[in-house]
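To start, the structure under review is shown below, and the notes come after it.
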């Protein structure tokens, strides 16, 4: 079947799911072969109050009660079926009719989900239509992109037609959990096509008004929490004067202002940025990233061959991502924030070790993952 229309469904419970959907959308639009690609956040059909509750609940758990989040993650990895069914029923009451109207309007040949919730909902509806006389809601295949380097039980659904994953380990785990082997493809996790276009370290550094000849550390605020970013930068400024920092504060303007004040005495070695749409350039200009281990952040760093120093990993999926990175030599984990300057200083001072980690990151990176997924959906 020649695919003409692809509907991508993400869910804003985590920014990485949405970025993966956006990456597929951008790759699809760049193909120039008439492929129609539409991307929706499945939670947009719930209404703003419900979206806010979902986002706040997730952030509240990981920020305020990480031990509880870890317990839930591990417990539900063993017994998730009842909660999955409850989530599907809840979404059905709140939003399914709006989603159904949109699916019928688009009539997609393929539906690709970068979050498990819309996949569970649509598979359930395909198996049991709302009304016997109604046309089939799902005409095409339903595929899932797993956006971490672990496959929690929430992702597992034998009714999904195809899975796209970031590693052989995730593929093996899905198969062990009941997914047919021929339904799982190891393509990598999709990143924006810009990650596949190298500018070169020197050109990227010049673009950002950084010195390409100095050791460069990228500090990304996403997910670290406001206080932790300021605290982390203060610790990092204890490193030798030769080290420079690219600090991305994101959309939080008040954080950017506070970071500017905190680094006022180190202006020559700190470049501060607010929200950026060219994080690939910041990564290319850097030697190492200090960040958490969200699935998309990890994948973007690997696509640029950038090793990571992982701090404040969320219990559960981020810890799994960090363990996978360390196992394959592309990251260092810092369990105690006080040790961050020491560990980072050791790494920057050991060119051979840092070089090996960069090579490991490049080996793991799959900047063409979005194209690989689209090619599998629509063979030439």
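The values are calculated or read from the model by the stated rules, or taken from the named source; none is laboratory data. In this text the structure is predicted, and so the values were computed from the model without any measurement. Glycine also receives a Cβ, built like all others from the backbone with ideal geometry; neighbour counts cover every protein chain displayed.
Overview of values
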{"quantity": "Test for residue 21: is it out of contact with any helix residue (DSSP H, G or I) (no Cβ under 9 Å at 6 or more places or on another chain), modelled with pLDDT under 90 and either part of a helix (DSSP H, G or I) or more than 17 Å from residue 141 (Cα to Cα) (or both)", "calculated": "no"}
{"quantity": "Any chance residue 331 is crowded, with 18+ Cβ neighbours inside 10 Å, modelled with pLDDT under 95 and over 24 Å from residue 25 (Cβ atoms)", "calculated": "no"}
{"quantity": "Output for the stretch 276-294, where each listed residue is in contact with a strand residue (DSSP E or B) (Cβ under 8 Å, 6 or more places away or on another chain) and either free of Cβ contacts under 8 Å to residues at least 12 places away in the same chain or more than 24 Å from residue 333 (Cα to Cα) (or both)", "calculated": "276"}
{"quantity": "Checklist (1) modelled with pLDDT of 95 or more; (2) under 23 Å from residue 351 (Cβ atoms); (3) surrounded by 18 or more Cβ atoms within 10 Å (Cβ to Cβ) applied to residue 311, failing item", "calculated": "(1)"}
{"quantity": "Filter pass, residue 72 being under 19 Å from the mean Cα position of the chain (by Cα), modelled with pLDDT of 70 or more and assigned to a helix (DSSP H, G or I)", "calculated": "no"}
{"quantity": "Every residue from the stretch 75-85 that is surrounded by 15 or more Cβ atoms within 10 Å (Cβ to Cβ), at pLDDT below 80 and in a helix (DSSP H, G or I)", "calculated": "84"}
{"quantity": "Condition met for residue 340 (farther than 23 Å from residue 165 by Cα, surrounded by fewer than 23 Cβ atoms within 10 Å (Cβ to Cβ) and in contact with a strand residue (DSSP E or B) (Cβ under 9 Å, 6 or more places away or on another chain))", "calculated": "yes"}
{"quantity": "Index of the failed condition, residue 260 passing every other in (1) in a helix (DSSP H, G or I); (2) under 22 Å from residue 277 (Cβ atoms); (3) touching a helix residue (DSSP H, G or I) at 6+ places or on another chain (Cβ under 6 Å)", "calculated": "(3)"}
{"quantity": "Condition broken by residue 88, with the remaining ones in (1) at pLDDT below 80; (2) in contact with a strand residue (DSSP E or B) (Cβ under 6 Å, 6 or more places away or on another chain) satisfied", "calculated": "(2)"}
{"quantity": "Close pairs (8 angstrom Cβ cut-off, 6 or more residues apart or separate chains): without any contact (Cβ under 8 Å) to a residue 60 or more places away in the chain in the stretch 196-216, exposed (fewer than 14 other Cβ atoms within 10 Å of the Cβ) anywhere", "calculated": "214/242"}
{"quantity": "Residue check, residue 281 under 29 Å from residue 146 (Cα atoms) and in a helix (DSSP H, G or I)", "calculated": "yes"}
{"quantity": "Hits in the stretch 197-231 (condition: part of a helix (DSSP H, G or I), more than 25 Å from residue 346 (Cβ to Cβ) and at pLDDT 90 or above)", "calculated": "202, 203, 204, 206, 207"}
{"quantity": "Number of positions in the stretch 143-154 that are in contact with a strand residue (DSSP E or B) (Cβ under 9 Å, 6 or more places away or on another chain) and modelled with pLDDT under 95", "calculated": "1"}
{"quantity": "Criterion: surrounded by fewer than 23 Cβ atoms within 10 Å (Cβ to Cβ) and either in contact with a helix residue (DSSP H, G or I) (Cβ under 6 Å, 6 or more places away or on another chain) or within 22 Å of residue 215 (Cα to Cα) (or both) - qualifying residue of 345, 294", "calculated": "345"}
{"quantity": "Qualifying residue in the stretch 157-179 (condition: touching a residue at least 12 places away in the same chain (Cβ under 8 Å), more than 23 Å from residue 364 (Cα to Cα), part of a helix (DSSP H, G or I) and in contact with a strand residue (DSSP E or B) (Cβ under 9 Å, 6 or more places away or on another chain))", "calculated": "no"}
{"quantity": "Some residue of the stretch 247-254 being buried (at least 23 other Cβ atoms within 10 Å of the Cβ) and in contact (Cβ under 8 Å) with a residue 24 or more places away in the chain", "calculated": "yes"}
